[in-house]
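In what follows, a structure is listed as structure tokens, so that the remarks can point back to it.
What follows is calculated from the coordinates using simple rules that are stated; it is not laboratory data. Keep in mind it's a predicted model, so treat the numbers as computed, not measured. Because the Cβ atoms are built from the backbone with ideal geometry, glycine has one as well, and the counts that use them run over all protein chains shown.
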Amino acid sequence: MKSKDNVTSSPTVMSNLTELIPDPLRKEFCPNPKTITRSTPENEITVVTAYFNIGSFRKGHDTKFDTKLYKSWMKTFQYLHNPLIVYVDDQEVAEIFEKLRKDLKSMTKIIMLDRTKLWSFGLNRRITNIFSNASYPKFHPNTVVPEYSCAQHAKYECVQRAIQVDYFSSHHVHYSWLDIGYFREIVSCAYNFKLVLPDNFNKNRISFTQVNNAVPAISISDIFLKNQVWVGGGMILASKDVFENFIHHYMEAVEIFLEKSLMNSDQQVIYAIYSEVGRQFFNPNVELQLYGSYNGWFYLGFLCHRSFNTPTLSPSV
């Protein structure tokens, strides 16, 4: 697939940098501080994250995800030196983030939401009807827990809200969605860090990590019913105008797929929109910029990650 600006959108535009990016599991990554060039407002990244308490659920074959696990992952946010917007529906979690960000109050906004009033969680009944069909394939939690699917769609609604409200008086041009557990592999690393724009960042595209090759001519139903993944949704990066445009298309697509009794996580929605068949139907006007060329879910995040200064002690949470 080629875009109008002649940048390859699949499989990757950054394959030449593979050797420069540390494996997220490598112990030596954390204690390797880098020099950070002073950022300007037009290069600043505002980070958006959220936690909706949907209780414990099974992930994959036998892994249990629960609130306790997510709370342990939240600790990395005390070291993040980007403007941060956090959406939560749990007062205890809001208090945890207040404690974690006590030294970074000026660049932190914590917003309590009533998820019953969100578009994303308003889809719960329709998604439940689809997942409750005995013949619908069961992939934990993607097609088993309706609230999990809702929470994945909420990512885009939260970013949309953050951009529209403009908490930091919008000198900041770029926004990133970041999962609570994105940097789980270095949660014990007590170095401050900042997320910066990666080399060759295309301001006209929205950036994802590629985790698998796209399958030519794959059907939209196969993407949803076989739980197929092309890009990871753990970190997303774009200029705010591109992000808003993408979100508009994303929300429209979710509604269309629900009408066709198809649903899964956001990753399947994105794959379906940008599949060969999906492109013909949706004609998306926002192209993807893909990073990574192997099964690494955290590639983009570690490409943007810059640790700096001296380690600090982790407060107990």
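Some points to look at:
- Length added when fully stretched, Asp103-Ala134, from 0.36 nm per residue minus Cα-Cα: 6.1 nm
- Extension gain from His81 to His248, taking 0.36 nm per residue of separation minus the Cα-Cα distance: 57.2 nm
- At full extension, Lys203 and Gln280 could sit 25.3 nm farther apart than now, given 0.36 nm per residue minus the alpha carbon distance.
- With a Förster radius of 30 Å applied to the beta-carbon distance between Val144 and Lys68, the computed FRET efficiency rounds to 0.90.
- Exposure proxy ranking for Ser135, Ser188, Ser72, based on other Cβ atoms within 10 angstrom of each Cβ and starting from the fewest, stands as Ser135, Ser188, Ser72.
- Packing here is the average count of other Cβ atoms within 10 Å per residue, and on that basis the peptides 206-212, 73-79, highest first, run 206-212, 73-79.
- Going from the residue with the fewest nearby Cβ atoms within 10 Å to the one with the most, Leu290, Leu258 rank Leu258, Leu290.
- Estimated inter-spin distance, Arg125 and Ser169, nm [label 7 Å along Cα→Cβ]: 4.4
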